[in-house]
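Novice: My structure is below; once you've seen it, I'll send some questions.
The values are calculated or read from the model by the stated rules, or taken from the named source; none is laboratory data. Since the model is a prediction, treat every value here as computed from it, not as a measurement. For neighbour counting, all protein chains shown are included, and Cβ atoms are generated from backbone atoms with ideal geometry for every residue, glycine included. SASA here: full protein model, heavy atoms, side chains in, ligands and nucleic acids out. Shrake-Rupley method; radii C 1.70, N 1.55, O 1.52, S 1.80 Å.
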Amino acid sequence: MTETELLIRQKFSERNSLFYPPPDLSISEWADAERRISPEASAEPGVWRTSRAEYQREIMNAISTPSVQRVIVMTAAQVGKTELLLNTIGYYIDQEPCPILFLNPTIEMAEAFSKERLAPMIRDTPALQNKIKDARTRDSGNTLRHKKFTGGHITLAGANSPASLASRPIRVLLCDEVDRYPISAGSEGDPLSLAMKRTQNFWNRRIVWVSTPTILGASRIEKAFDLSSCEEWEIPCPVCGEYNKFDWDLIVYKDVTEPVMKCKKCGALNNKVKWQAGQNKGIWRAGKPENKKFRGFHLNAFASPWSSWEELCEQYEEAILDSPEEVKVWTNTVLGLPYENKVGTIEVTSLDTQIGRASCR
């Protein structure tokens, strides 16, 4: 078969694929089968394995579940939330091509994401390589912030730019770091509201908000999480099998080099290695299970396979000796919780007065 005949067959296959339903895959199944992690984006490049951080599976699957309208992910930093969004993008490009909007706090961040995360994923994931043409190709329809593919396109926008939130109806809305969005996109109003209006034409729309929280009562992601199913990741105790979430109140140490977590039922003390050994049996427990269409997930850094409990505890000790502002940063980025800003408090005296807790009321 000649090269021309091969090209014609490929084009015919691409066009006809639009008339057939996509394979019955969840996002996690697609990622395990197709996704490749780029070397410049991770210390663990190569084949994607959801089992590496089992808590990611249900979050991704919730996004591709037809009955779920919105997914809220309130997390610590460095727990893999950007990879969840990349897997979602890859899935919809490959399996359910449609209009996608990826909203960042600023245009500059959108461009950085496009160059440093999205482009490498497309380059290194075989299922995506032929879906989006190289930007250097004439008439590719591919720019830094707008990329076309058969059946859809993805726009990478900044919440600070009214122009980037205008026009183009979208089916899949992915909002990253929503607590860093400005209150208003220029004079146009709340950027999240503007973006969500663009999904109204789609009965099967998908809306995902992801962020590390900020101040208790002022955090966008906290408010959205409190209206959701309020789910927490729990794994069984290595001794008695009782399910525990990674709660800071259960972390115990005399020396930061030897932190352990206490089981809330039997009181057994086990280190990270022993707790993480049971992550394949982990579950998401909903505080508000009646909110089935509005799934919300909270995760802190102690649950991450990539975190060091020793370093997290050491960071806490340094924060309480430094300033309330450093405690705020630690609360947001390690516990994945909004910080209770107590105006007029100069000296931090105890853990209960240092850490603002987000709760499912």
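Novice: Write out the chymotrypsin sites (Phe, Trp or Tyr not before Pro) in the range 232-340 meeting two conditions: DSSP loop, and at most 14 other Cβ atoms within 10 Å of their Cβ. Working shown, then result.
Specialist: Working: sites: Trp233, Tyr243, Phe246, Trp248, Tyr253, Trp275, Trp284, Phe294, Phe297, Phe302, Trp306, Trp309, Tyr316, Trp330, Tyr339; in loops: Phe246, Tyr253, Trp306.
Within the range 232-340, the qualifying chymotrypsin sites (Phe, Trp or Tyr not before Pro) (loop, at most 14 other Cβ atoms within 10 Å) are Trp306.
Novice: Once a ≥ b ≥ c are taken as the square roots of the eigenvalues of the Cα gyration tensor of the range 203-253, is the result rounded (a/c under 1.5), prolate (a/b larger than b/c) or oblate (a/b not larger than b/c)?
Specialist: Taking the square roots of the gyration eigenvalues as a ≥ b ≥ c, the range 203-253 is oblate.
Novice: Among Leu335, Leu144, Leu156, whose mean-square fluctuation peaks in a Gaussian network model of the chain (Cα, cutoff 10 Å)?
Specialist: Greatest mean-square fluctuation among the candidates belongs to Leu144.
Novice: Along the charge dipole of the chain, pointing to its positive end and built from +1/-1 on Cβ of Lys, Arg, Asp and Glu, which listed residue (Tyr92, Cys240, Ala31) has its Cα farthest out?
Specialist: Most positive-ward Cα: Tyr92.
Novice: Moving on to the next point. Net charge within 9 Å of Pro236 by Cβ-Cβ distance, Lys/Arg positive one each and Asp/Glu negative one each, not counting Pro236 itself?
Specialist: Cβ neighbours under 9 Å give a net charge of -1.
Novice: Please compute the length gained on full extension between Lys264 and Arg52, using 0.36 nm multiplied by the number of residues separating them and subtracting their Cα-Cα distance.
Specialist: The span from Lys264 to Arg52 would gain 73.8 nm if fully extended.
Novice: Sticking with this structure for a sec: So how strong a dipole does the chain carry about its Cα centre when Lys and Arg Cβ are +1 and Asp and Glu Cβ are -1, to the nearest 20 debye?
Specialist: 1600 debye
Novice: Follow-up. Summing -39500 (n - 2.57) over the DSSP H runs of n ≥ 4 in the chain and dividing by its residue number, what mean residue ellipticity at 222 nm do you reach, to the nearest 500 deg cm²/dmol?
Specialist: Numbers: 13 runs with 106 residues, N = 361.
Taking each H run of at least 4 residues, the total per residue is -8000 deg cm²/dmol.
Novice: Rounded to the nearest 20 debye, what is the charge dipole size of the range 52-136 about its Cα centre when +1 sits on each Lys and Arg Cβ and -1 on each Asp and Glu Cβ? Intermediate values should be presented prior to the final figure.
Specialist: Working: 10 positive and 10 negative charges, 16 e Å.
It works out to roughly 80 debye.
Novice: Assuming 0.36 nm per residue, please report the length gained on full extension of the stretch Asp255 to Ser67 beyond their Cα-Cα distance.
Specialist: 63.0 nm
Novice: Per residue, what accessible area does the range 239-348 have, given a 1.4 Å probe and all protein chains present, in Å²? Don't jump to the answer; show the numbers that get you there.
Specialist: Values: 5980 Å² over 110 residues.
Solvent-accessible surface per residue comes out at 54 Å².
Novice: Pick out, from Gly80, Ala268, Gly296, the residue whose Cα sits farthest towards the positive end of the charge dipole of the chain, with +1 on the Cβ of Lys and Arg and -1 on the Cβ of Asp and Glu.
Specialist: Result: Gly296.
Novice: Subtracting the Cα-Cα distance from 0.36 nm times the residue separation, let me have the gained length for Ser187 to Lys293 in nm, one decimal. Write down the numbers at each step before the final one.
Specialist: Values: separation 106, 0.36 × 106 = 38.16 nm, distance 3.21 nm.
Result for the pair: 35.0 nm of gain on full extension.
Novice: Quick one: with all protein chains in place, what share of the accessible area of the chain is carbon or sulfur, to the nearest percent (1.4 Å probe)?
Specialist: Carbon with sulfur: 51 percent of the solvent-accessible area.
Novice: Sequence gap at least 6, Cα distance under 8 Å: using those rules, report the relative contact order of the chain to the nearest whole percent.
Specialist: About 19 percent, as a whole number.
Novice: May I pose another question? Using a 10 Å Cβ count of at most 16 others and DSSP loop calls, identify the longest part of the chain lacking such GluC sites (Glu not before Pro).
Specialist: That gives 41-187 as the longest site-free run.
Novice: Using only Cα atoms, find the angle between the long axis of helix 309-322 and the longest principal axis of the chain, and express it within 0 to 90 degrees, rounded to the nearest 10.
Specialist: The angle comes out near 70 degrees.
Novice: A further question follows. Tell me the volume per residue, in Å³, of the convex hull enclosing the alpha carbons of the chain.
Specialist: Roughly 159 Å³ of hull volume per residue.
Novice: Between Arg168 and Leu227, what's the calculated FRET efficiency when r is the beta-carbon distance and R0 is 22 Å? Round to 0.05.
Specialist: Step by step, r from the Cβ atoms, then E = 0.20.
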